[in-house]
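The structure appears below as structure tokens.
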Amino acid sequence: MTTLSYSVAIILMTMGLWAMLSKKNLIKKLMGLAIFQTGIILFFISMGAKEGATIPILDHHGYGGIYSDDYANPLTQILMLTAIVVGVATLGLGLALARKIYAHYGSFNEDDILANLREPNE
Amino acid sequence: MLIAIEVGLLILVPCVAFVALWLRDLMSAVIVLGAYSFLMCLVWTGMGAVDVAFTEAAVGAGVSTVFFIAVLFNTTRNITFNPLDVSSKLVALVACLGFGYVLLQGVSDLPDWGDPYSPVNAGVSTYYIENAYADTHVPNLVTTVLADYRSVDTMLETTVVLIALLGIFMILKKDRPAQSDSSDTQAHDSLIIRLSARFIAPFIQLFGLYVVAHGHHSPGGGFQGGVILGTGLILMAMSMGMASAKRLLSIPRMIILAAVGVLIYAGWGAVPLVYNGYFLDYSVWESVFGSMARSHSMLIVEIGVALTVMCGMYGIYMSLVSDGGMQEGL
Amino acid sequence: MSSQWAFLAMGIPFFTALIMGSVGYAAPRFMRWIGATGITLAVFASIGLWSTVSTDEYVSYFFGGWLPPIGIALEVDRISALMVLMVHGVAALAYIFSLKALPNELPASKHPVYYTLYFLLISGFVALAVTGDVFNVYVLFEVCALSGYALLAMGGKKAYVPTFNYVLMGSLGACFYLIGVGYLFIKTGTLNMAHLADVLPTVFFSRSILTAFILITVGLFVKMALFPFHGWMPNVYTKAPVSTLCLMAPLGTKICVYVLLRVVGYVFSMEYMTNILAVQPIMMTLATLAIVVGTLYVVYHRHLTRIIMFIIVSEIGYMVGGIFLGQMDSVIGAVYHIAADALMTVTLVMVAGVVRHCLGGDAIADVAMMFRRLPTTAIAFVIVCLSVIGVPPMPGFFSKFLLIKGAFMSGYYGFAVALLIASLTAVFLFFRFFEGYFYMKTDNTAPSVIQEPWAYRIPLVVAAIGLVGFGLSFSYWYGFIKLALPLGLA
Amino acid sequence: MMGLFLVAALVLLAFMGLLLYRIVVGPTVIDRLLAVNVIGTKSIVILIIMGILFDRVAMFIDIALAYGLLNFIASLAAAKYFRKHKKIHHVSTMPAEVSHDH
């Protein structure tokens, strides 16, 4: 499970990076970014998992003591909540820019855009 | 016992991600990305991260799919594919191999999955788990750390949503408003959609309010509730048509409300400054609320978060789908 | 009250932005007054912080009253106080400049939103300089980056494609940084910088820490546009509106250099970098290459804005080189140069903006025309050029002197040579502008002198005076910075 | 009893694997949309089963509800998309044949 969860996280990150660098379509690049970010989130969540532990919501109010082994790590989860929200904000901005680029160049394809970009100036 | 399910999901997830990137039709790819998000939520739920799964379900599977579709709606879903282009792939290949190699090198040293005594699980988080209830009287540990111990992170993260709303509005807004207020394109929309959306939307809003208010005791809180509230508004906008949605809540009003949301958060945190306390130190309210001071303060800042996120999601959708003109859309 | 300065320096612009966002649409007339009040108060706060650290050396601020590592803390030492002073100083100049520049570039209906983002960006920069939590740095990176994307995209049609690339590269840099933080976190279980510095020596020889180091430095290099990763920067900056550029170009990359110093110098410690990893040769090669490549492009380009962008690329090389040389003098030189370069860049960008707005272009011929028609701007330009070249009483001289001294002491002669070549190129560049002035064919229509508007003139004059003053007070700053350096410097 | 739930969850997972076939092959985008919707429905069930296995079902109902609601929104958006863009089959991928949808 150690190898599996970390390697899946790394596979996802690499896949996202691949899409961001090699895909020509702007929307596909943004999808690559989204997958990259979920890979990171999986990485953080896997490190905070505890075998046999329950979700980090107390089911009793401290009778008989609260033991940290019983609950999954809340800290990594908070960090990743932040990362998800940041991710969707970035995605929205990227989509808005892609929309504007389409409006001006009539394509999501990087090659077409670059060809268009060079013609009018310089 | 859950591990069997986890293993199955972990094998399935990269396959779906691969398919999403491989498909040469943007619309299909976006839809498959939604499925990928759903599966990812299950993986995280299995690891005990319910709040994260909740957020991802709301944000990843719900709202971002709608954002993608909103952009594709006015553009194209075709991908031009050029099999002869190798040079850029080569650079990407080198970068990815290097990146993957560096990451794998680091993995060999990491502690085992699920080890409760690894540094991450035995470090600071032990304090949170064992003392959070005594400190704050809130059983949801994620909410306590989110809205109290690391509150300033959350404030900045809410600010990020506000920034995205402002930025998208500014990027897409046309300098001159379109002259003709074109007729409501949704007027001849299907009766079933209109009726069912109108029926379901209040329940979504109610559920969103519940998620915000009940975040202390169950998974949920400002972000999740805010996204669900925003989704309810998006549903109304989809079924009633752009013109009525615009009448309901215009974008400038959204921006003001979103800024007010962050202002509620930061303003509540700034009150201690008057007593020369630290920013976001909720203990100054103990004279008013007694031992529940931190709990109630958390609820108030979560309301601020929910307001900003609701307006943020709805405003971003409205800007994207109508191309900034607020005239017609999905 | 003294401890509140640390928060107020980032909080005042933050609240200013929120107030602007809430009332901006209802009362657009008050926007500039709210902004002016906010920026004035912020400058006062940074001066207060500066005077506090002058006596106390160190200020900690605990958000929510939770002590680190449980909560998030701001940790202000003398260097970060200098950075805060730099951010607010530059932001105040840029704000005054934008009062006149912005109406030329954007329709009035976008101004409220623009200024809200503007102030959020300022507060993000300040917070980056003072935060003591490695994850908080990631969130602040995103605050700065997202507001930056929106402000940069306001350059119109041509700005969208470069900005989109910047969105991808910026997110990639932030993601790399975040993964690096993940590797650190998994081995240590803490996110607080001071606590990390305590725990890390026990796991120095782990491969995960090496991975974390690589990922964090690469992420920061992307963010600061160091040479192999600089591709996004010149394009997006040249297409941006001048009023955005005045804020982004001086601060956006410099703050990342300071974060690099914090992470490498204080968290990983200089000892890890020089003795255990021995990455110095690689980093010095990168820094030297950055200077050389930046200089080559400077010679090649013929538009002032573009030239400034590549000056930035090479100056980033100076600072990174100074940090990784690991000598006391070189690190002081790098820190001093961060502040000096911010001041130089903002002046240069303002000059380019004035030339663009008053003379209609920023090619070399237009800049040469400036000497005839815009005397105030021309004087400011001469002063800043002297500083870029490194003429003695100017700040550029002292930082280069310290950097070259450090390079000779640790035996990186190539770096020293690259610095000297960069200076000589700056001389050449300066004369290229002057040449245009002396050999310009004077038409019979004598070009009249244009009066710059007050919003252009005041920041230019203040920046020029500030540059000279910053250079003359060098010995004070040397002593000021020296007390806050990371441990383990020779 | 727990064993039964576990087996049920695993069987559902296996069915998801089958749906992946439809997603990959699916001649039209509608096939894929349907397959994704079925995956969403199965996810809800697996989520509740996970709640049972954690012995904290009450905490998982909220999430399952949110899943259901949001699945609906995404499908509605897709449906509206296809109301405007009637083309279901995706055919052309060669650069020469690019056609803009409007």
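Overview of results
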read-out	value
Test result for B:A259, touching a helix residue (DSSP H, G or I) at 6+ places or on another chain (Cβ under 9 Å) and more than 10 Å from chain C (Cβ to nearest Cβ)	no
Residue that is nearest to the chain's Cα centre (by Cα), among those in the range A:9-63 that are assigned to a helix (DSSP H, G or I) and of a type in the set (S, T, Y)	A:T38
Any hit, the range A:84-94, residues being part of a helix (DSSP H, G or I) and more than 7 Å from every other protein chain (Cβ to nearest Cβ)	yes
Residue check for D:L47: under 30 Å from B:H217 (Cα atoms), in a helix (DSSP H, G or I) and open to solvent by 40 Å² or more (accessible area, probe 1.4 Å)	no
Some residue of the range A:10-28 being facing chain B (nearest Cβ under 7 Å) and touching a Lys or Arg at 6+ places or on another chain (Cβ under 7 Å)	yes
Answer residue from the range C:42-59, given it is over 21 Å from the mean Cα position of the chain (by Cα) and either at pLDDT 90 or above or β-branched (V, I, T) (or both) and is surrounded by the most Cβ atoms within 10 Å (Cβ to Cβ) among those	C:V53
Residue match in the range C:63-82 (condition: assigned to a helix (DSSP H, G or I), farther than 30 Å from C:C358 by Cβ and among the basic types (K, R))	yes
Single match in C:M86, C:M31 (criterion: surrounded by fewer than 24 Cβ atoms within 10 Å (Cβ to Cβ) and within 30 Å of C:H111 (Cα to Cα))	C:M31
Single residue of the range B:68-99 satisfying the filter (more than 18 Å from A:G16 (Cβ to Cβ) and among the small types (G, A, S)) that is farthest from the other protein chains (Cβ to nearest Cβ)	B:S87
Single condition D:V24 does not satisfy, out of (1) free of Cβ contacts under 8 Å to residues at least 12 places away in the same chain; (2) more than 7 Å from chain B (Cβ to nearest Cβ); (3) out of contact with any strand residue (DSSP E or B) (no Cβ under 7 Å at 6 or more places or on another chain)	(2)
Residues of the range C:315-346 that turn out to be of a type in the set (S, T, N, Q) and open to solvent by 10 Å² or more (accessible area, probe 1.4 Å), as a count	1
Output for the range C:384-405, where each listed residue is modelled with pLDDT of 90 or more and over 22 Å from the mean Cα position of the chain (by Cα)	C:K405
Count of residues meeting criterion [at pLDDT 85 or above, open to solvent by 10 Å² or more (accessible area, probe 1.4 Å) and part of a helix (DSSP H, G or I)] in the range B:213-243	6
Hits in the range C:453-476 - residues which are in contact with a Pro (Cβ under 9 Å, 6 or more places away or on another chain) and open to solvent by 10 Å² or more (accessible area, probe 1.4 Å)	C:V468, C:F470, C:L472, C:F474
Residue match in the range A:102-116 (condition: open to solvent by less than 10 Å² (accessible area, probe 1.4 Å), within 7 Å of chain B (Cβ to nearest Cβ) and in a helix (DSSP H, G or I))	no
Residue in the range B:305-322 that is in a helix (DSSP H, G or I), in contact with a His (Cβ under 8 Å, 6 or more places away or on another chain) and open to solvent by 10 Å² or more (accessible area, probe 1.4 Å) present	no
Test result for B:D85, among the acidic types (D, E) and crowded, with 18+ Cβ neighbours inside 10 Å	no
Failed item, numbered, when C:Y183 is tested on (1) more than 8 Å from chain B (Cβ to nearest Cβ); (2) under 30 Å from C:R207 (Cβ atoms); (3) free of Cβ contacts under 8 Å to residues at least 40 places away in the same chain; (4) among the aromatic types (F, W, Y)	(1)
Selection status of B:Y265, under 18 Å from B:V63 (Cα atoms), modelled with pLDDT of 90 or more and of a type in the set (S, T, Y)	no
Members of the range C:347-362 that are out of contact with any Asp or Glu (no Cβ under 8 Å at 6 or more places or on another chain) and buried (at least 18 other Cβ atoms within 10 Å of the Cβ)	C:T347, C:L348, C:V349, C:M350, C:V351, C:G353, C:D362
Criterion (hydrophobic (A, V, I, L, M, F, W, C), open to solvent by less than 10 Å² (accessible area, probe 1.4 Å), at the interface with another protein chain (Cβ under 7 Å from one of its Cβ atoms) and touching a residue at least 12 places away in the same chain (Cβ under 8 Å)) met by exactly one of B:V120, B:V142	B:V142
Test result for C:L429, modelled with pLDDT of 90 or more and surrounded by 17 or more Cβ atoms within 10 Å (Cβ to Cβ)	no
Criterion violated by D:V29 - all others in (1) under 19 Å from B:L12 (Cβ atoms); (2) within 14 Å of the chain's Cα centre (by Cα) satisfied	(1)
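Table: residues versus (1) among the hydrophobic types (A, V, I, L, M, F, W, C); (2) under 17 Å from the mean Cα position of the chain (by Cα); (3) buried (at least 23 other Cβ atoms within 10 Å of the Cβ); (4) assigned to a helix (DSSP H, G or I).
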residue	(1), (2), (3), (4)
B:G8	no, no, no, yes
B:A35	yes, yes, yes, yes
B:M40	yes, yes, yes, yes
B:T65	no, yes, yes, yes
B:F68	yes, yes, yes, yes
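So that you can scan it fast, the table gives a plain yes or no per residue for (1) hydrophobic (A, V, I, L, M, F, W, C); (2) closer than 20 Å to C:V113 by Cα; (3) open to solvent by 10 Å² or more (accessible area, probe 1.4 Å):
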{"site": "C:V137", "(1), (2), (3)": "yes, no, no"}
{"site": "C:L146", "(1), (2), (3)": "yes, yes, no"}
{"site": "C:G156", "(1), (2), (3)": "no, yes, yes"}
{"site": "C:A159", "(1), (2), (3)": "yes, yes, no"}
{"site": "C:N165", "(1), (2), (3)": "no, no, yes"}
{"site": "C:M169", "(1), (2), (3)": "yes, no, yes"}
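The values are calculated or read from the model by the stated rules, or taken from the named source; none is laboratory data. Just so you know, these numbers come straight off a predicted model, no measurement behind them. Cβ atoms come from the backbone with ideal geometry, glycine included; neighbour counts cover every protein chain shown. All accessible areas refer to the heavy atoms of the entire protein, side chains included, with ligands and DNA or RNA removed. Shrake-Rupley method; radii C 1.70, N 1.55, O 1.52, S 1.80 Å.
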